[in-house]
Each structure stands twice: as C-alpha cells, then as structure tokens.
Amino acid sequence: MGYSSSLIQRKFKDIVGKRYESVLKEYSEFLLTEEEVLIPEVRSILIPLDFFVHDIPDEAIDVLSAYDATISLAYITDAGVVDLLERALDRESTEEFRTKKEDYGRKLLERTAAKLEEHGFSTQTRMFVGHKGDDVVRMAKNHDMVALCRRYADGESTDASISPIVLRICQRVETPALIY
Amino acid sequence: MDTVALIAVAVFLFTYALIVDERIHRAVAAMLGAAIVVFVGIVPWEALLEHVDFGTIFLLLGMMIIVNTARGSGLFEYIAIRTAKLAKGSPIRVLVLFAIVTAIVSAFLDNVTTVLLLTPMLLYVARVMELNPVPFLVTEIFASNVGGAATLIGDPPNIMIASSAGLTFNEFLIHLAPIMVVDMAILLLMMYAIYGRSMKVSPDERQEMVRTLKGLDERAAIVDRSLFNKSVAVIAFVVLLFFVHDRVGEILHVVLPFVDPAMGLEPAEVALIGAAILLFWSRQSPEEIFEKIEWPALFFFGGLFVIVGALVETGIISSIAQIMVENVGSTGEAMFIVTWFAAIASAIVDNIPLTAAMIPLIHDLGATMDVYPLWWSLALGACLGGNGTAIGASANVVVIGIAERDGIGITFIDFLKVGMLVLFVTVAVGFGILWLKFAM
C-alpha cells in the first residue's frame with residue numbers, strides 16, 4: 001500500500017469511524033448481493049401438484065418467466081393414503097377413489113399446463129402415486145429449480161403458513177427452491 | 001519574533017502537519033496543540049472562551065442530531081433508490097441525477113453523511129450497469145463540494161465563516177448559491193466531456209438495469225414510516241427557519257406581540273431548536289442519538305480554534321494582515337489573493353483548518369479595508385479548493401475510502417488530474433462572478 005493510499009485509509013477511519021459498517025448493514029437489508037444479481041442458469045423447473053394446489057398464481061408465473069425453462073408438472077397422489085384405503089375399504093371403492101383422484105389430477109395438470117403455455121412456457125406433465133416429499137426430492141435432482149406451493153401436501157389450512165412437507169423439501173433439495 | 005510567538009507558530013505548523021498526515025487522529029492532534037498553548041499560557045482561559053467559536057460547534061451539533069435521528073428512518077436510502085430508479089437505465093442520467101441530488105442534499109446536510117449514504121447505492125448501480133464506477137464517484141465528490149458551498153450550512157468552512165462574520169443564510173443564497181448553480185452546470189459538462197464516451201451501454205444492458213432496479217422497493221428502505229415523515233417535516237421546518245432566521249422576531253411579533261420584532265436567531269440556535277423538536281416529536285432515545293454525534297469532529301474544531309487563537313494572541317495574525325495591507329492595492333486584488341490562496345491551500349491542508357486560520361486574518365484586514373467581499377472569496381476558495389486533491393475535503397476521503405474498500409482504486413494522481421482541472425475552472429468562474437459583483 002502506497003503512502004497516499006494508507007493516508008486516505010487513515011483519514012477515512014478518522015472521519016467516518018464505524019458509521020460505514022452500519023450504513024452497509026442498512027443497505028444489505030434490501031440491496032441484492034453480487035451473487036444474487038446474477039440469474040442462475042435454469043433450464044428446467046419442477047412444480048409438484050396435488051389435491052391441495054389449485055392454481056399457480058400470476059405473481060409466481062412472473063418470477064418463473066425470468067428463466068427460459070421447461071416446466072415439469074407432476075401430480076402426486078399420496079401412496080400412504082391409497083394404501084390405507086386399500087386396507088380399510090374394498091377393492092372397488094379404492095379403485096373408485098383412485099379414478100376420481102386421477103380425473104382431478106389430469107384436469108388440474110391440463111389446466112395448469114395450458115395456463116403456463118399461454119405465458120410461453122413449454123411444459124411436461126406426469127401423474128403418479130408416490131411420496132410427496134421423497135419423490136420431489138428425488139426428482140429435483142434432475143431439474144435446475146423446484147417451485148413449491150405453500151399449501152402442497154398440507155390439507156385445507158386457512159392461514160398463510162408453509163406446509164411442513166414443503167419446508168422439509170426445501171431443507172433437502174440441492175437445487176434452488178421457490179415457494180409461492 | 002519572541003519566544004512565545006515562536007512556540008505558537010511551531011505548535012500551529014506541527015499540528016497542521018499532524019492533521020495532514022493523520023497518523024494521529026486529527027481531533028487528538030488539535031487537542032494536543034490546544035493543550036500546549038493553554039499550558040504555556042499563550043491562550044488564557046478567558047481568551048480561550050473567546051476564540052472557540054461556539055456558534056460553529058453548536059450549529060454542527062444541532063445538525064448532527066437532526067441527521068442522525070433522520071438516518072434511522074431510512075430517508076437517505078429512500079432518496080438513493082428513488083434517484084437510481086429515475087435514471088431509467090441511462091448511465092449519463094445516473095451521473096447527472098446523482099450529482100444533482102448529492103449537491104442538493106449536501107447544500108442542506110453535511111457532506112460526509114450525504115456521500116456516506118449515497119455512495120453504496122451509486123456503486124451498486126454502476127455494478128449493475130457493468131460500468132467503471134470511477135466517473136460516477138468523482139462526479140459525486142465534486143458535486144458534494146460544489147453543493148455544500150452554496151449555503152451557510154452546506155460545508156464546515158461556510159459555517160465557520162458565517163458564525164464568525166455574522167453572515168446570514170440568505171446572504172449565502174444571494175452571493176454563493178447562484179455561483180454554485182453555474183459551477184454545477186459547468187462541472188456536469190466537464191464530466192460529460194471527460195467520461196461521456198466510456199458510459200455507453202447496449203439496449204440489453206439498459207433493460208437489465210431497469211429490471212434490476214425495478215426490483216428494488218424504495219418503500220422497503222423506510223424502516224420507520226412515522227419517523228420518516230417527522231424527519232422530513234422537521235428538516236423542512238429547519239430549512240424554512242434558516243431562510244428567516246435573521247428576522248424571525250418580525251414574523252413572531254405578528255402572532256406573539258411580546259416578541260421583540262428586532263429579534264433574530266443565530267444559525268446555531270435554529271439547528272438546536274430543530275434538534276430539540278425532532279427528538280421530542282420522534283420519541284427516539286436521546287442516549288442512542290447522542291452516542292452517534294461525531295464528538296471527535298467537534299473536539300477537532302474546538303482544538304483548531306484554540307491553536308489559531310494562539311496566533312492571534314501572539315500578534316502573528318495581525319503581522320501577516322499588516323504585510324497583506326501594505327502589499328495589496330485594491331479590494332479586487334485582495335479578493336484574488338484570498339480566493340486563490342484559500343483554494344490551493346485547502347487542496348493541500350484540508351479546508352477546515354485552513355478556514356480556521358484565515359478567519360482571524362480577514363478580521364484583522366477589516367481595520368483597513370472592506371472585508372465583506374473577502375468572506376465570499378474565502379468561502380468560495382475553501383469549499384471549491386477541496387476538489388483539488390484526494391484529501392482536500394472530507395467528502396473526497398470518504399468516497400475514495402469506500403471505493404478502495406470495494407476494490408476500486410482511485411489513485412492520488414488520477415484524482416489530482418481531474419480535481420485540479422475542476423478546481424481551477426470552478427474557482428475561476430466563481431471568482432469572476434464575485435469580482436464583477438464587488439470589485440467592478
């Protein structure tokens with residue numbers, strides 16, 4: 001460090017004291033860091049759906065539109081529930097439940113895919129019976145981002161809290177996760 | 001020269017050298033110098049109270065309380081984000097808008113706080129635009145010094161001059177503010193001519209910047225909405241009171257007949273009244289606010305006044321004034337010497353100690369000539385002279401220091417090249433206007 005540089009640093013320290021650190025702290029509350037400014041390359045986004053996710057709001061679509069990505073919609077029926085019904089009810093009732101679920105899931109997938117395609121996204125859909133947490137974590141490995149509805153796998157709670165399964169998924173996935 | 005005078009001169013030169021070098025905190029250096037001249041009896045207690053300009057110290061204190069209370073509301077961050085958004089992705093607009101906002105804020109609040117709070121935002125915007133931030137930063141420095149020169153409360157040299165010479169806020173608006181408007185326009189043209197070519201961005205980059213800045217919510221910067229509103233209201237009230245501080249009695253007499261119509265308020269009283277109102281109204285903890293007052297700066301001023309007081313007590317200042325009187329033929333000539341000496345010396349020494357030393361000299365010149373124009377010459381030279389070097393004014397040091405911490409090097413020589421050009425052009429224009437006004 002040359003004389004002029006160390007002179008300026010000395011004067012800076014004497015004039016500003018500790019004020020600059022507090023200014024930086026205040027700014028960090030709402031200014032993005034250099035890392036955050038860079039938009040990560042996201043080519044595929046996984047969006048899990050289930051009985052409790054009725055729609056993807058426009059605000060979430062706006063955020064997703066920042067990426068030029070293909071969206072994979074996956075409707076998951078809880079394997080645990082199907083298993084319980086199979087044990088509690090007769091085969092015919094279980095089959096009827098499964099058909100109704102699949103019917104609902106197919107319609108939701110079609111409706112959601114159509115809405116996303118209207119916004120210029122290309123989409124892929126799939127439907128299966130599985131584990132709402134584990135399967136999403138597994139599938140997320142093949143995607144660059146996962147977008148989760150706060151109500152996913154949560155029942156019809158009326159408050160704005162985030163479902164525990166969603167929080168658990170966020171803790172386990174390595175890809176960026178978006179909660180809407 | 002007798003021994004006492006030699007000691008006073010030695011202490012003065014040694015302290016100023018310490019202040020320039022800053023290996024010892026400037027406040028400690030000034031206090032040490034003051035302690036020596038008091039200890040050896042050059043400045044006795046009664047004289048000390050006369051030499052310390054409490055008008056300056058209380059004005060600074062009041063404004064520090066107002067600014068530190070207002071800071072907690074997020075007011076400055078709000079201004080910074082609004083300014084960045086207004087630029088709409090154009091680098092030239094960023095440069096011009098930030099320069100204008102810096103100049104306006106610096107004209108009413110202290111330069112250090114202004115640049116301390118605007119520079120991080122300016123660096124952020126330059127980073128988003130992927131442009132070299134140096135042109136933006138040096139323009140901000142110059143704008144802060146030019147803006148600060150426009151009003152009585154904008155820059156410490158003006159506060160010191162006004163307090164000592166009894167000048168009013170409106171006199172500064174009449175004599176200096178128009179010069180600073182012209183200098184600001186010239187400064188922006190110079191910056192455009194020097195840096196304009198390096199500020200091109202592609203339409204895609206501009207869109208990217210607009211999108212990023214759109215994501216910033218200026219309302220999120222407001223930490224405390226109620227304090228924000230109260231701060232804006234009190235700052236507006238204080239500025240308004242500054243406009244009428246010398247004839248506040250006339251106005252109050254209309255509604256309160258017992259008030260003497262001849263009564264006026266000193267600028268320091270205005271600042272302290274504003275500080276008291278804001279503290280009372282905002283219910284902020286006084287302990288927290290008083291802790292944020294820059295006490296070292298106030299002790300620095302106090303020490304300087306005593307050291308310069310020693311030169312007055314020993315007759316050094318009157319001897320220099322006598323030499324000047326014998327060699328200066330006219331007011332215009334005196335204005336020329338004061339302006340350019342103050343400009344060049346404050347680029348080297350820092351304009352605060354320089355002004356502290358020049359004030360008693362001009363008072364002494366008052367015995368033989370009209371010194372009214374010389375106060376404006378001193379204010380012009382001291383404030384704009386700060387633009388000359390990286391250490392010429394506190395705002396320069398703060399911006400360059402922040403840039404260095406961010407990995408952006410602005411070397412002393414790089415700054416000197418542009419700074420000296422700005423100094424000579426702006427001071428020459430300012431001097432020309434003052435000369436036409438007072439010496440023609």
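Return yes when B:V398 is within 14 Å of another protein chain (Cβ to nearest Cβ) and either among the hydrophobic types (A, V, I, L, M, F, W, C) or touching a Pro at 6+ places or on another chain (Cβ under 8 Å) (or both) and no when it is not. It is true that B:V398 is within 14 Å of another protein chain (Cβ to nearest Cβ) and either among the hydrophobic types (A, V, I, L, M, F, W, C) or touching a Pro at 6+ places or on another chain (Cβ under 8 Å) (or both).
Taken over the range A:1-27, the residue count meeting the criterion of being over 12 Å from B:T411 (Cβ atoms), facing chain B (nearest Cβ under 7 Å) and in contact with a Gly (Cβ under 9 Å, 6 or more places away or on another chain) is 7. Within the set B:P267, B:P296, the sole residue that is touching a residue at least 60 places away in the same chain (Cβ under 8 Å) and within 14 Å of another protein chain (Cβ to nearest Cβ) turns out to be B:P296. Take B:T339 and decide whether it is surrounded by fewer than 20 Cβ atoms within 10 Å (Cβ to Cβ) and either assigned to a loop (DSSP other than H, G, I, E, B) or not charged (D, E, K, R) (or both). Spelling it out, it is not the case that B:T339 is surrounded by fewer than 20 Cβ atoms within 10 Å (Cβ to Cβ) and either assigned to a loop (DSSP other than H, G, I, E, B) or not charged (D, E, K, R) (or both). Scanning the range B:281-303 for residues that are of a type in the set (D, E, K, R) and either part of a helix (DSSP H, G or I) or surrounded by 14 or more Cβ atoms within 10 Å (Cβ to Cβ) (or both) turns up B:E287, B:E288, B:E291, B:K292, B:E294. What residue, among those in the range B:174-228 that are part of a helix (DSSP H, G or I) and β-branched (V, I, T), is nearest to B:T102 (Cα to Cα)? Restricting to residues being part of a helix (DSSP H, G or I) and β-branched (V, I, T), the top hit is B:V181. The condition of being at pLDDT below 95 and touching a helix residue (DSSP H, G or I) at 6+ places or on another chain (Cβ under 6 Å) does not hold for B:A271. Does B:A345 meet the test of being in a helix (DSSP H, G or I), within 13 Å of another protein chain (Cβ to nearest Cβ) and closer than 30 Å to A:R10 by Cα? The answer is no for B:A345. Test B:V306 against the criterion of being modelled with pLDDT under 85, farther than 18 Å from B:N158 by Cα and touching a Leu at 6+ places or on another chain (Cβ under 9 Å), and give yes or no. Against the criterion (modelled with pLDDT under 85, farther than 18 Å from B:N158 by Cα and touching a Leu at 6+ places or on another chain (Cβ under 9 Å)), B:V306 does not qualify.
Taking each residue of the range B:18-31 that is more than 9 Å from chain A (Cβ to nearest Cβ) and looking for partners that are of a type in the set (K, R) with beta-carbon atoms closer than 7 Å, six or more apart or interchain, yields B:I19/B:R26. Of all the listed residues (B:F136, B:F142), the sole one being out of contact with any Asp or Glu (no Cβ under 6 Å at 6 or more places or on another chain), crowded, with 24+ Cβ neighbours inside 10 Å, free of Cβ contacts under 8 Å to residues at least 60 places away in the same chain and not aliphatic (A, V, I, L, M) is B:F136. If you go through the range B:174-231 and pick out every residue that is within 13 Å of chain A (Cβ to nearest Cβ), closer than 30 Å to B:G274 by Cβ and of a type outside the set (V, I, T), you end up with 6.
Annotation note: of B:A103, B:A99, the sole residue that is away from every other protein chain (no Cβ under 14 Å), touching an Asp or Glu at 6+ places or on another chain (Cβ under 9 Å) and not in a loop (DSSP other than H, G, I, E, B) is B:A99.
Counting only helices (runs of 4 or more DSSP H) that fall entirely inside the range B:369-440 and contain at least 2 residues that are among the hydroxyl-bearing types (S, T, Y) and at pLDDT 90 or above, the qualifying elements are B:372-385.
On the basis of being at positive phi and either within 18 Å of the chain's Cα centre (by Cα) or not aromatic (F, W, Y) (or both), does B:G89 make the cut?
Considered against the rule, which asks whether it is at positive phi and either within 18 Å of the chain's Cα centre (by Cα) or not aromatic (F, W, Y) (or both), B:G89 comes out as yes.
Considering the conditions (1) within 18 Å of B:G62 (Cα to Cα); (2) of a type outside the set (F, W, Y); (3) loosely packed, with under 14 Cβ neighbours inside 10 Å, B:R219 is excluded by exactly one of them, (1).
The values are calculated or read from the model by the stated rules, or taken from the named source; none is laboratory data. Since we're looking at a predicted model, the values are computed, not measured. With ideal geometry, Cβ positions are generated from the backbone for all residues, glycine too; neighbour counts draw on all protein chains shown.
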